[in-house]
Amino acid sequence: MRLVIALPYVWLATFFLLPFALVLAIAFGTNNPDAVPPIDLGVSLKNFTLLFTDDLYLAAWLGSLRIAATSTLVTLLLGYPMAYAITRARPSLRPLLLMAVILPFWTSFLIRVYAWMGLLSSNGILNQFLRNTGLVADPGTILGTEWAVHLGIVYAYLPFMVLPLYASLEKLDTSLLEAAADLGASPITAFFTVTLPQSLPGVVAGCLLVFIPAVGEFVIPDLLGGTDTLMIGKVLWDEFFLNSDWPLASAVAICLLVLLVGPIALFQRQQAKSLERQ
Amino acid sequence: MVGRARFALTVLAFGYAFLYLPIALVILYSFNESRLVTVWAGFSTKWWSALFANEAMLRAAWLSLRIALVSATVAAVIGLAAGYVLARVPRFFGRTLFGSLVIAPMVMPEVVMGISMLLLFVVSDQLVSWPNRGFLTIAIAHITFSIAFVAVVVQARLADFDRSLEEAAMDLGATPWTTFRTITLPLIAPAVGSGWLLAFTLSLDDLILTQFVAGAQSETLPMRVYSSVRLGVDPQINALATIIVAVAACALIFSGWLTRRKA
C-alpha cells in the first residue's frame, strides 16, 4: 500500500511541485544572454516591479482578467440552458447528447481554434453571410480583434461548462419544483428559488474550469487575437521564446500562479466536497 | 409544457449548431478545389494527396503517436494508483497535499506548467547531464498532466461500486494485493481503459507544454500544425483535422462503450 501511495506522490512531487520551486528561484534572478541557460541567479525584485509598473504588463494582466471573466459569463449563459435542456430530454437520448458535448473536447484544441480562423477572416464565411443577407453592409474583420478571442474561448471551453452543470442539474429533485408550482410560484420564481440555488455547485465548478485556463490562455489570443490583444499567457510565451528572458517569464508564471491560487483552491475544495457526497 | 419542450429543443439546436458548424465547415473545405477556404471551387482530393506526401507532417505524426502510446500507458498506471488512493485510503500523512497534487494539473495554466517543467529539465541537465530534451522530456510532461484525468475517472468508478465485494474477499483471507487483482481491478478495468484513451488523446493534442520541453530536434504533430496555421489557413490542415475528428469520434464511442459496459 505504501508503494501505491508513493508512486503518484513521488512522481507529482518531482515533476509538478519541485519545478515551481525552481521557477520561484529563477524569477528573482536576472537575464544574461551570454550564459547557458541565460540566467544569473540572485535576489533581485526587478522582474516583479517591472511586471506591476510597466503599462504594457499592467494592460496584459487586466486584459486577461477582463477577457476571461466576460467569456466565462457568456459561456455560462450559453451552457446553462444547454445543460438544463439535456436533463429535460428523454432519458434514452441523454447519453448521446452528453457525448456530443464531450466529442469536441476529444478532438484537437488547436484544430477547433483553427476552424474559427477561416470563419472569421475578412472574406470568411461569416462575413459573406452577413453581407449576402444584408444584415451588415460592411462587417469589417472580426479576426484579429477581442471579439474573436472571446468567441474562441467560449467555443473552446463550452464543454467544460456544460458537464459540471449537467451533473448538478441531473440530481435536481423535481418534486420541489412541483411543490413550488403548487404553492403558486411562477416558473421564473421557481427557477430562481429552487433550480438555480441547487445547481450552484455546478455553476461554480463550471465557471472555474473555464476562467482559470482562460486567464493563462495562449493559443486563442495568438491565433484569433490581434497585436493589440494583450493577454498574460501570450506575454509569458513571448518573453520566453522571443526575448529569451527566462527570469522575467518565470516572474510572470509566479504572479499568474498567485493570482489563480484562490480559484484553484476553491475548485479543489469543491471537488473534495462532491466526492464526500458520493 | 409544450412551450418548455420547444424552448429545450431550440436551445439544443442552437448549442449543437454552434459546437459543430465550425468543425463541419473545416471538413467540407478539405475537399475544396481552391486554396482559399472561403470560396467553394468544386470537389477535389488534392489537399489530401498533398497531406499524405507531406513528409515533415508524417514524421511529426509518427513521433506524436509514439509519445502518446508511452505517456498514456505510464499515466494509466500512475493514475490508477492515485485514483485508488483517493477513493479507498481515507487517512495517511500528507493526504491533503496528495489530493491537491493529483487534481491541480487539471486546472493549472499550461504556460506555467510548461516553463516550470522546462526549468527542471534544464537544471537537471546542468547537474547530471540528463535528460536530453526530446522524446523523454515530452513524455514525462504529458504523463504529469494526464495522471489527473485518469485518477478522476478511476476514482469516480470506485466511488460507484459496492465495497462489500472487496470486504468479503478480505474476510475470506485474501491479501490486499490479491483482492485488488481479482476483485477491484476487473471491476474498474473499463475506467482505466477510458482513462488511457483520454490520456492518449490529450498527449496527441498538447502544444504548449510540448513546445516548452521539446528541444530543437523533436517536432510533434501539434507543433507542426501550429507553425503552419500561424501563416494562415491551409487546406492540408483541414484534411488533417478531418482525420483527427474521425479518430476522436471513434475513441470517444469506444470509451463510452467501455464505461457503460457493466463488468
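Using the Cα gyration tensor of chain B, with a ≥ b ≥ c the square roots of its eigenvalues, what is the shape: rounded (a/c below 1.5), prolate (a/b larger than b/c) or oblate (neither)?
It is oblate, given that a/c is not under 1.5 and a/b is not larger than b/c.
Mind checking which aspartates and glutamates have their Cα closer than 13 Å to the Cα of A:LYS234? Skip sequence neighbours fewer than 8 apart in that chain.
Within the straight-line cut-off, A:LYS234 pairs with A:GLU217, A:ASP222, B:GLU110.
Near A:LYS46, which aspartates and glutamates are there with a Cα under 13 Å away, not counting those fewer than 8 places off in the same chain?
A:ASP54, A:ASP245
Tell me whether the stretch A:124-278 comes out rounded, prolate or oblate; compute the Cα gyration tensor, take square roots of the eigenvalues as a ≥ b ≥ c, and use a/c under 1.5 as the rounded threshold.
oblate
Setting aside same-chain residues fewer than 8 positions from B:LYS46, which aspartates and glutamates have a Cα under 18 Å from its Cα?
B:GLU33, B:GLU55, B:ASP234
What does the charge dipole of the stretch B:55-234 about its Cα centre add up to, to the nearest 20 debye, if the Cβ of each Lys and Arg holds +1 and the Cβ of each Asp and Glu holds -1?
Here the size comes out at about 200 debye.
Which shape class, rounded, prolate or oblate, goes with chain A when its Cα gyration tensor gives a ≥ b ≥ c as root eigenvalues, a/c under 1.5 marks rounded, and past that a/b bigger than b/c marks prolate?
Taking the square roots of the gyration eigenvalues as a ≥ b ≥ c, chain A is oblate.
Are there any helices in chain B, counted as whole DSSP H runs, that stretch 27 Å or more along their axis by Cα and score at least -1.0 on average by Kyte-Doolittle, and if so which?
Helices meeting the span and hydropathy rule in chain B are B:2-29, B:55-88, B:135-160, B:185-205, B:235-260.
Other chains near A:227-239: what is the mean number of their Cβ atoms within 10 Å of each residue's Cβ?
2
In degrees between 0 and 90, to the nearest 10, how far off the longest principal axis of chain A does helix A:18-27 point, with axes built from Cα atoms?
Helix A:18-27 sits at roughly 60 degrees to that axis.
Ignore the peptide's own chain and count Cβ atoms of other chains within 10 Å of each Cβ in A:85-94; give me the average, rounded.
That average works out to 3.
Using only Cα atoms, find the angle between the long axis of helix A:55-88 and the longest principal axis of chain A, and express it within 0 to 90 degrees, rounded to the nearest 10.
Compared with the principal axis, the helix lies near 20 degrees.
About the Cα centre, and with charges only on the beta carbon of Lys, Arg (+1) and Asp, Glu (-1), how big is the dipole of chain A? Nearest 20 debye, please.
The dipole magnitude comes to about 960 debye.
Around A:PHE109, under 14 Å between beta carbons, what's the net of Lys plus Arg minus Asp minus Glu among the other residues?
-4
Which one of B:LEU120, B:LEU80, B:LEU136 has the biggest mean-square fluctuation once chain B is modelled by GNM with Cα springs under 10 Å?
The residue that fluctuates most here is B:LEU120.
With springs only between Cα atoms under 10 Å apart, run a GNM on chain B and tell me which of B:TRP47, B:TRP196, B:TRP130 wobbles the most.
B:TRP130
Roughly what angle does helix A:200-215 make with the longest principal axis of chain A, taking Cα atoms, 0 to 90 degrees, to the nearest 10?
On a 0 to 90 degree scale, this one is about 30.
Read the figures in this text as sums done on the coordinates, not as results from a lab. Note that the coordinates shown come from a computational prediction; the quantities given were computed from them, not determined experimentally. Positions of Cβ are generated from backbone atoms using ideal geometry, with glycine treated the same way; all protein chains shown enter the neighbour counts.
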